[in-house]
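Before any comments, here is the structure.
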Amino acid sequence: MINMMKADLFRIIRSKSIYVIFAIMLTMAIISAVIKMPGTIATANSDSMEEINEIADEENTNSLDAVLSKLDSKRSDEQKKNFSLKVIGSNMNLYYFIVFIVYGVLAADISNKTIKNTLSSISDKRKYFLSKLIFILSAATLLIFLNTLFFYGINMIVNGEKYSVSLLRMLEATLLQLPILLGLTAFLTLIVYIFKSGAWYNSIALLGIILFQTILSLSNSLLKCSAITTYLKKYEAQVALYKLAVHPETYHTIVCIIMGIVMFLASVIASYYIFKKSEIK
Amino acid sequence: MKEVIVKTNQLTKKYDDFVALDNINMTVNKGDIYGLIGRNGAGKTTIMKIITGLTESSGGDYELFSKPSNKLGDEKGRIGCLIENPAFFNNLSAYNNLKYYAIQKGISDMSKIGEVLEMVKLKDIKDKKFRTFSLGMKQRLGIAFALMDDPDLVILDEPINGIDPIGISELRDTFTRLTRERGITFIISSHILSELYLIANRFMFIDKGKVLKEITHEELDAECMRCTVFRTNNVKKATALIEERLNIHDYKVIDNTEIRIYSDDIAPAVINTELVKNGISVSALFESGITLEEYFKSLVGGSTND
């Protein structure tokens, strides 16, 4: 199993996409540090943009420099420090990077049918499943913490201590987010085992989350269901990750950790069951 | 007694109502080059997939290296495989593709990669990306993958697809040399009997999931070879006469009524006269012998699998 993980490492460091991921991660960390606002790939976290627009209206200016400077002056010392936590709060961005990791390690192997080389003369299904899962989870965890460390380092260089909480606090915030992020990672592997196609996986993993959020928002507006409202306000992945990093509350944290663990276990069990039963073509 | 490498017992595979394999019994001994012959969809690949664990059987069982399938452990590492089309990572070179699997197998001596690439004549283009390979080159890389790590059993599914005639001849020499020098056992499938005939020492004919015949190279030769067939009621007396009077030694007794003479030094009419003169009645005399393809067709009966 260790050899299989070593082989995956050998292959992943030879693919361009891992370097693209690191480049994007660094770029986002630099941009966030420079503009002193969390950058997001997804659309739902638009607080920062609203803040910018409000100040631009108040000041009647289109200059980003002027708006950012005004915004900075309006912030208290605590808010300035909390900015670093807000960046960690936008870690849903990492979902898109994890999508690529799962693709590179697992979906490509199944989609290209290279999996049969491993299963026919090297390993059995159980070892294959475990080694891929452990490798993906390790890579995702490493990526999540590297992102925190990258941002912490860059932010300290660009803005100094005034704009950052301690590294320990940032790592703690990241750790609280881990169950949800790893639950999502396990769910991505489930998509691969169900569809066994790289194209289907990419479509569902990338568009599915947007579709999911849209359907939830629509159902919330149409059905006025309190459970959906509560979910959207507190436990929808993007919101939950933000709250866990910026305003952690005991009850909310426990529910989020349980949600993450349940999603993780359910996905892993379903994936293994499907994989064990499936015919390798 | 030869060591048994693969043994299947009533191996069956069903997909809903469709029977892909129907009670297959097959024994492959150490050092065999075992040819699996059948048309497309006959069940050749399914047998290989079950043996290599890519799919599960619906019934029956099999042994690998004398170990039951449900107790296999490290035995898988003794197998080299090329099942169906060769699949590798497009963005990696031939060398790096093999290196990836060498790491998976725990091979520490990477010079083995160079050796197998040399064996399949891909060493000069080892740094070319897999995506730029022709079908023949892909096939060669698949064979190199199967031969890496000195396997005891090599399973090759239609390995000569897309390979040019000179390449096929070179691969034939490689397979026979590996069997001779290292005692490697091969199971090779093909729908072209004439190709397998040149390397295999045993054959299994399969059609619609059923074994039609398991036969050695010598037996196949005997069945196909041009010969004169004599049917008589006294085989014992007839063979004595053929050997002593006519000095013919190249013959075979098929059963207690039939003798086949492969030598064409003496005309059939002369043999017939001699037999009759000595009181041996001949109930039938005719020339026989068919090509390999005719033999194959006679077995499968010309029906289609579609």
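The values are calculated or read from the model by the stated rules, or taken from the named source; none is laboratory data. Since the model is a prediction, treat every value here as computed from it, not as a measurement. Cβ atoms come from the backbone with ideal geometry, glycine included; neighbour counts cover every protein chain shown.
When A:Lys113, A:Lys162 are screened for being over 15 Å from the mean Cα position of the chain (by Cα) and within 14 Å of chain B (Cβ to nearest Cβ), only A:Lys113 passes.
The condition of being exposed (fewer than 13 other Cβ atoms within 10 Å of the Cβ), free of Cβ contacts under 8 Å to residues at least 12 places away in the same chain, out of contact with any helix residue (DSSP H, G or I) (no Cβ under 7 Å at 6 or more places or on another chain) and of a type in the set (D, E, K, R) holds for only one of B:Lys297, B:Lys236, that being B:Lys236. Taking helices (runs of 4 or more DSSP H) as the structural unit, those lying wholly within region B:36-136 and holding at least 2 residues that are more than 28 Å from B:Ile199 (Cβ to Cβ) correspond to B:94-105. Taken over region B:283-298, the criterion of being within 26 Å of B:Asn233 (Cα to Cα) and not in a loop (DSSP other than H, G, I, E, B) is satisfied by B:Ser283, B:Ala284, B:Leu285, B:Phe286, B:Glu287, B:Ser288.
Applying the criterion of being without any contact (Cβ under 8 Å) to a residue 24 or more places away in the chain and outside any loop (DSSP other than H, G, I, E, B) to the residues of region B:13-26, the residue that is nearest to B:Val154 (Cα to Cα) is B:Tyr15. Residues in region B:63-81 that are within 9 Å of chain A (Cβ to nearest Cβ) and at pLDDT 80 or above: B:Arg78, B:Ile79, B:Gly80, B:Cys81. Is there a residue being free of Cβ contacts under 8 Å to residues at least 60 places away in the same chain, of a type outside the set (Phe, Trp, Tyr) and under 23 Å from A:Val99 (Cβ atoms) anywhere in region A:241-262? No, that holds for no residue. Just one of the listed residues (B:Ile280, B:Ile248, B:Ile206) is in contact (Cβ under 8 Å) with a residue 24 or more places away in the chain and part of a loop (DSSP other than H, G, I, E, B), namely B:Ile280. Would you check if B:Asp157 is within 14 Å of chain A (Cβ to nearest Cβ), closer than 26 Å to A:Asn112 by Cα and charged (D, E, K, R)? Here the answer is yes, as B:Asp157 does meet what is asked. For region B:92-133, the set of residues classified as buried (at least 20 other Cβ atoms within 10 Å of the Cβ) and away from chain A (no Cβ under 14 Å) consists of B:Leu117, B:Val120, B:Leu122, listed by residue number. Flag not set for B:Leu220, criterion: closer than 14 Å to B:Tyr295 by Cβ and part of a strand (DSSP E or B). Can you spot a residue in region B:142-153 that is outside any strand (DSSP E or B) and over 26 Å from B:Thr176 (Cα atoms)? There is no residue in region B:142-153 that is outside any strand (DSSP E or B) and over 26 Å from B:Thr176 (Cα atoms). In region A:262-281, the qualifying residues are those that are assigned to a helix (DSSP H, G or I) and within 14 Å of chain B (Cβ to nearest Cβ), and the one that is surrounded by the most Cβ atoms within 10 Å (Cβ to Cβ) is A:Phe275. Considering (1) free of Cβ contacts under 8 Å to residues at least 60 places away in the same chain; (2) touching an Asp or Glu at 6+ places or on another chain (Cβ under 7 Å); (3) at positive phi, the lone condition that B:Glu84 does not fulfil carries the number (1). In the set (1) at pLDDT below 85; (2) within 21 Å of B:Leu156 (Cβ to Cβ); (3) more than 20 Å from the chain's Cα centre (by Cα), B:Phe88 fails one condition alone, (1).
Pairing each residue of region B:100-119 that is more than 14 Å from B:Leu147 (Cα to Cα) with any residue that is surrounded by fewer than 19 Cβ atoms within 10 Å (Cβ to Cβ), provided the two are 6+ apart or on different chains, yields C-beta distances under 7 Å for B:Tyr100/A:Phe10; B:Ile103/A:Asn3; B:Ile103/A:Lys6; B:Ile103/A:Phe10; B:Gln104/A:Asn3; B:Gly106/A:Asn3. Looking for whichever is loosely packed, with under 15 Cβ neighbours inside 10 Å and not polar (S, T, N, Q) here; the options are A:Lys132, A:Lys162, A:Lys116, A:Lys125. Which one fits? Going through A:Lys132, A:Lys162, A:Lys116, A:Lys125 in turn, just one is loosely packed, with under 15 Cβ neighbours inside 10 Å and not polar (S, T, N, Q): A:Lys162.
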